[in-house]
């Protein structure tokens with residue numbers, strides 16, 4: 001199978017499973033100037049996106065903003081925040097959801113709220129459309145997460161996300177070292193093993209991918225994505241007997257139709 005075919009299958013499966021994926025480009029925007037961030041100079045923020053807010057959605061935004069702000073000041077209304085964020089996420093305006101989460105965290109300054117802001121910025125970061133926006137959102141995610149880590153230094157989920165912001169930025173080795181540190185501290189860490197394995201595939205280091213995914217399925221024998229990607233690594237490393245066994249195993253698991261189709265496509269190519 002050609003490398004570009006493998007990449008397409010991997011990207012498709014990553015989109016299907018939606019778990020532990022590395023930051024990716026998913027939005028096409030030819031006019032960078034139209035993808036402005038929120039104007040933070042005005043109370044509550046003024047949002048300017050490349051795509052208009054659907055007419056039926058705007059009243060929901062207006063309502064929840066009216067519940068969240070009074071006289072230009074943000075109120076301690078968690079329900080309003082969560083609902084407003086959900087509306088923006090529904091229409092794929094993740095940076096707006098993150099902005100309001102961050103504004104809330106700055107005002108009320110709890111670890112829980114900083115974690116919510118970090119997660120929201122991280123989600124926006126994974127869907128960033130250009131290098132400048134990726135860098136900005138990654139920095140904002142790290143800033144929020146750093147506050148969480150000061151209170152919870154052993155929070156490996158947060159460390160994992162911080163690592164991925166570095167991997168996609170100008171300091172990828174710093175992120176890789178962080179992921180390795182997580183695995184050293186917790187050899188069964190599902191997210192770190194998955195991310196390291198995915199990076200091995202993305203860089204064509206299939207032997208390293210085998211090592212990571214073998215560890216993953218050792219701890220989580222029925223991990224569908226881990227078993228599938230282990231099969232991919234075996235296939236690309238020329239270990240066809242093991243690859244066949246992995247793809248046959250996928251058929252015994254509760255995999256989606258798309259993953260089963262991909263596994264069968266690999267099996268057809270194994271002679």
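For first residues located in the stretch 238-262 and under 15 Å from residue 226 (Cβ atoms), partners that are not in a helix (DSSP H, G or I) and lie 6+ apart or on another chain with Cβ distances below 7 Å form the pairs 243/270; 253/222.
Being in a loop (DSSP other than H, G, I, E, B) and either modelled with pLDDT of 95 or more or on the phi > 0 side of the Ramachandran plot (or both) is the filter here; which residues of the stretch 183-204 pass it?
Going through the stretch 183-204, the residues in a loop (DSSP other than H, G, I, E, B) turn out to be 186-189, 203-204.
Of everything in the stretch 183-204, those that are in a loop (DSSP other than H, G, I, E, B) and either modelled with pLDDT of 95 or more or on the phi > 0 side of the Ramachandran plot (or both) turn out to be 186, 187, 188, 189, 204.
Just one of the numbered conditions (1) under 18 Å from the mean Cα position of the chain (by Cα); (2) surrounded by fewer than 22 Cβ atoms within 10 Å (Cβ to Cβ); (3) touching a residue at least 12 places away in the same chain (Cβ under 8 Å) is not true of residue 140: (2). Annotation: residue 97 fulfils all but one of (1) crowded, with 23+ Cβ neighbours inside 10 Å; (2) modelled with pLDDT under 95; the unmet one is (2). If only residues of the stretch 71-93 that are without any contact (Cβ under 8 Å) to a residue 12 or more places away in the chain and farther than 19 Å from residue 109 by Cα are counted, the one that is surrounded by the most Cβ atoms within 10 Å (Cβ to Cβ) is 86. For the residues 239, 218, the requirement of being modelled with pLDDT of 95 or more, within 20 Å of residue 182 (Cβ to Cβ) and surrounded by fewer than 21 Cβ atoms within 10 Å (Cβ to Cβ) singles out 218. When the stretch 180-197 is filtered for residues that are in contact (Cβ under 8 Å) with a residue 12 or more places away in the chain and either touching a strand residue (DSSP E or B) at 6+ places or on another chain (Cβ under 9 Å) or loosely packed, with under 14 Cβ neighbours inside 10 Å (or both), the ones remaining, listed by number, are 180, 185, 187, 188. Screening residue 254 on (1) in a loop (DSSP other than H, G, I, E, B); (2) within 22 Å of the chain's Cα centre (by Cα) shows it passes everything except condition (2). Given the condition outside any loop (DSSP other than H, G, I, E, B) and in contact (Cβ under 8 Å) with a residue 40 or more places away in the chain, answer yes or no: does some residue in the stretch 166-179 qualify? The answer is yes; a qualifying residue exists.
The values are calculated or read from the model by the stated rules, or taken from the named source; none is laboratory data. Since the structure is predicted, the reported quantities are computational estimates derived from the model, not experimental observations. Reconstructed Cβ throughout: ideal geometry from the backbone, glycine too, with neighbour counts over all protein chains shown.
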